[in-house]
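Visitor: I'd like to ask you about the structure that follows.
What follows is calculated from the coordinates using simple rules that are stated; it is not laboratory data. Source: prediction; values computed, not measured. No Cβ is skipped: glycine too gets one built from the backbone with ideal geometry, and neighbour counts run over all protein chains shown.
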Number of protein chains: 2
Amino acid sequence: MSPDTPQPPGTARPGRSYHCHVEVTVDVIGGKWTPVVLAHLKEHDRLRFAQLRRLIPDITEKMLAQRLRELEAIQIVDRIPVSTAPPHVEYALTAQGRSLAPVLQAMWEWGRDWAATNRLAVDPVQFRH
Amino acid sequence: MSPDTPQPPGTARPGRSYHCHVEVTVDVIGGKWTPVVLAHLKEHDRLRFAQLRRLIPDITEKMLAQRLRELEAIQIVDRIPVSTAPPHVEYALTAQGRSLAPVLQAMWEWGRDWAATNRLAVDPVQFRH
DNA sequence: CATGGTACGCACTTTTTTGTGCGTACCATG
DNA sequence: CATGGTACGCACAAAAAAGTGCGTACCATG
């Protein structure tokens, strides 16, 4: 693999080998925040950076920006600059990103049930435009 | 939260707060190897430690043992000692573990499609009894 | 007892991920 | 120009996850 050859999206690690398709998914949307960010984007047509930040209270701006940049780079998320006053950016799932809906939906439902079974408090932030 | 009070399963971090059900799922089955281990267990009634190790070639025994222990602790996996010659242990998903099937299936399918789109090689190991 | 198979556990070490603190760039407005 | 809003980027630092090397415990068999 020559350094001049761009890596296919989703392979952050050169020479990464896969022996199971689930490994691929974990490689692309693994980590603490990426699935959460995607789950929120799945529920809304478009979201501003600040809206995402508010919907995910425990994420740092740094992590949010970084996750979004990476998802944009692999064409799972579109980044849409909006020239208003004040100007801002909006993020939306691409068609490719929307193909993650079954994964995210299943994760959401399982998490809901697990939380109920184990009496975990889940306090969603109210969405605000 | 007194140290004597056992944490509910799935909360490795005391005081962990959740604002989205997907965060819960990530907390329980996040990480590099847990989803992979679970995916293999989903495909087989029972698997020996050594079978899992062979099916997941890049995992260390340490990581495999650790993941299995944690999954057993939160009752997602059953650990079944088998007295044969040689003796071994078998692992199987609990009913609770099997509730993860939609998540794992969705992850598998998405990973397959992503790999195809991005020309990633996925080389599953042939199952051997 | 010695040996082999099996499944780990321990003490570190390395790698990866996430977080902290601050500053920057851009745009619009008064 | 100053100010405010917005969305980050940078240079570390801290935390978490994963890996390494070795050894141990248990069981069965000869």
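Visitor: Average partner chain C-beta neighbours within 10 Å, per residue of A:32-43? Walk me through the intermediate numbers first.
Guide: Values: counts 5, 2, 1, 6, 8, 2, 1, 6, 3, 0, 1, 1.
Shielding by partners across A:32-43 averages 3.
Visitor: Right, next: Tell me, for the rotation carrying A onto B, which chain A residue has the beta-carbon closest to the axis and what that distance is in whole Å.
Guide: Chain A residue with minimal Cβ-axis distance: A:A106, 2.
Visitor: Relative to the compact globular guide of 2.2 N^0.38 Å, what is the alpha carbon radius of gyration of the protein assembly as shown, as a ratio?
Guide: So the Cα radius of gyration is 1.08 times the expected 2.2 N^0.38 Å.
Visitor: Okay, moving on. Can you tell me the convex hull volume per residue for chain A, based on C-alpha atoms, in Å³ to the nearest whole number?
Guide: Per residue, the Cα convex hull of chain A comes to 136 Å³.
Visitor: Let me know the charge dipole size of segment A:49-129 about its Cα centre in debye, to the nearest 20, where only the beta-carbon of Lys, Arg (+1) and Asp, Glu (-1) is charged.
Guide: Roughly 120 debye, rounded to the nearest 20.
Visitor: Could you please report the charge total around B:Y91, scoring K, R as +1 and D, E as -1 over all other residues with beta-carbon less than 15 angstrom from its beta-carbon?
Guide: +2
Visitor: Which residues make up the longest stretch of chain A that has no trypsin sites (Lys or Arg not before Pro) in a DSSP loop with at most 12 other Cβ atoms within 10 Å?
Guide: Counting only loop sites that pass the neighbour cut-off, the longest clear stretch is A:1-118.
Visitor: Then there is this: What number, in percent, do you get for the relative contact order of chain A if the mean sequence gap of Cα pairs under 8 Å and at least 6 apart is divided by its residue count? Mind showing how you got there, number by number?
Guide: On the way: 109 pairs, mean separation 30.9, N = 129.
Computed over chain A, the figure is 24 percent.
Visitor: Across segment B:21-28, in residue order, what do the Karplus-derived ³J(HN,Hα) couplings come to in whole Hz, using 6.51 cos²θ - 1.76 cosθ + 1.60 with θ = phi - 60° and x for Gly and Pro?
Guide: For segment B:21-28, the Karplus curve yields 5, 5, 4, 4, 4, 4, 4, 7 Hz.
Visitor: What is the spin-label model distance, in nm, from B:T84 to A:R128 if the labels are put 7 Å beyond Cα along the C-beta direction?
Guide: About 6.1 nm, to one decimal.
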